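Structure first, commentary second.
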Amino acid sequence: MAQTGRPLSPHLQVYKWQVQMASSILHRATGIILAVGSLIIVWGLCALAAGADAFSSFSAFAGSLPGTVVMIGWTLAFFYHLANGIRHLVQDTGKGYAISSFVLSSWLSIAIAIVLTLLVWAYLLLGGHA
Amino acid sequence: MSKDLRNPLARARGLGSAKEGVGHWMQQRITALALVFLTVWFVLVVLSLVHTDYATARATIARPWNAVLLVALIVTMFKHAVLGLQVVIEDYVHTRWLEVASLVAIKFIAVLAALSGVLAVLRIALGN
């Protein structure tokens, strides 16, 4: 990098941990995960178009243990990115920047992601067979 | 303050921003807004199909409204993904050639994946 002598802002290590650090980096991390996951969605659609045999190998992956772990991870990443994405859209209107509401909405994104993931997988693993 | 904070080369060239930041920012938000609805719809469709068979799944995707929304989802999703990954790469990849190569690679992959997804939906919707 060019030596410019510009003043540098203090970086992460000088701060006490706070939830906004997690909610911020998790948004990027889940975004990357979902970008990779979108390739799995395309795989599923291509398999569905290709025929029953191709689709059964996709279903076999999705139903296997590694496949299920990937799907649960995708679900968690999706609900977090959705909840926190809506939080960011609200903040883009200039609302929710008071420290208390900023912290609360960070926790809310994390909590909503966990609760919705649990609900979906409870439905899939327990209720769906009925 | 008397000291100029730009580096000497930037000052010599007198370059400002590329004036594309607002467009990028706005596209990311508009695709995000669309994806709030499209992805929730998609998850509900998938949940409704998980415990059904191949023919039912295919017939559901083939319905015109589902096919249209699915194509909209695929295009919007990959656009949003490229916009997001682009910023991540620009922030963290400091080796110039690697940065440019990554930026080009994600665009190539996203376009190919989006086209494959759209073609798959069309094949299902048009029945071959």
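Loop-located trypsin sites (Lys or Arg not before Pro) in the range B:1-104 (DSSP state other than H, G, I, E, B) with a sparse environment of at most 11 neighbouring Cβ atoms within 10 Å: B:3, B:19. Chain A contacts chain B over a buried accessible area of about 2900 Å², both sides summed; the probe is 1.4 Å and only protein chains count.
Per residue of B:43-53, other chain Cβ atoms within 10 Å of the residue Cβ number 3 on average.
Think of a 1.4 Å ball rolled over the protein heavy atoms: chain B then has 63 Å² of accessible area per residue.
Our estimate of slack between residue B:55 and residue B:6, defined as 0.36 nm per intervening residue step minus the Cα-Cα distance, is 11.4 nm.
Hydrodynamic radius of the range B:13-93 by the Kirkwood approach over all distinct alpha-carbon pairs: 15.0 Å. Distance between the 7 Å Cα→Cβ label points at residue A:126 and residue A:64: 2.8 nm. Of the trypsin sites (Lys or Arg not before Pro) found in the range A:22-112, the ones in coil according to DSSP and having at most 12 other Cβ atoms within 10 Å of their Cβ are A:95. For residue B:88, what is the net charge nearby, where nearby means another residue's Cβ is under 15 Å from its Cβ and Lys, Arg count +1, Asp, Glu -1? That sum, taken over residues with Cβ under 15 Å, equals -1. Of the residues B:49, B:9, A:89, the one whose Cα sits farthest toward the positive end of the charge dipole of the protein assembly as shown, with +1 on the Cβ of Lys and Arg and -1 on the Cβ of Asp and Glu, is B:9. If R0 equals 35 Å, the separation of the Cβ atoms of residue B:105 and residue A:91 corresponds to a calculated FRET efficiency of about 0.65. If I fit a long axis through the Cα atoms of helix A:19-50 and take the longest principal axis of the Cα atoms of chain A, what angle between them do I get, 0 to 90°, rounded to 10? Tilt of helix A:19-50: around 20 degrees. Counting only other chain Cβ atoms within 10 Å of each residue's Cβ, the peptide B:114-126 averages 4. Counting Cβ atoms of other protein chains within 10 Å of each Cβ in A:46-52 and taking the mean gives 6.
When chymotrypsin sites (Phe, Trp or Tyr not before Pro) are flagged only if DSSP places them in a loop and at most 10 other Cβ atoms lie within 10 Å, the longest unflagged stretch of chain A comes out as A:18-96. The label-point distance for residue A:98 and residue B:71, in a model that sets each label 7 Å from Cα toward Cβ, rounds to 4.8 nm. Apply the a/c threshold of 1.5 to the C-alpha gyration tensor of chain A and tell me whether it is rounded, prolate or oblate. Judged from the Cα gyration tensor, chain A comes out prolate (a/c at least 1.5, a/b above b/c). Take the Cα of residue A:32, step 7 Å toward its Cβ, do the same at residue A:4, and the gap between the two points is 2.5 nm.
Over what distance in Å are the Cα centres of the range A:18-56 and the range B:100-128 separated? A separation of 14 Å, based on Cα centres.
In the protein assembly as shown, the convex hull through the Cα atoms has an average projected area of 18.0 nm², a quarter of its surface area. Counting protein heavy atoms only, the protein assembly as shown has 73 percent of its accessible area on carbon and sulfur, 1.4 angstrom probe.
How far, in degrees from 0 to 90, does helix B:64-92 lean away from the longest principal axis of the Cα atoms of chain B, to the nearest 10? Here the helix axis deviates by roughly 30 degrees.
The values are calculated or read from the model by the stated rules, or taken from the named source; none is laboratory data. For clarity, every value in this text was computed on a predicted model and none was experimentally measured. Heads up, the Cβs are rebuilt from the backbone with ideal geometry, glycines too, and the neighbour counts pull from every protein chain shown. Note: accessible area is taken over every heavy atom of the protein model, side chains too, but ligands, DNA and RNA are not part of it. Shrake-Rupley method; radii C 1.70, N 1.55, O 1.52, S 1.80 Å.
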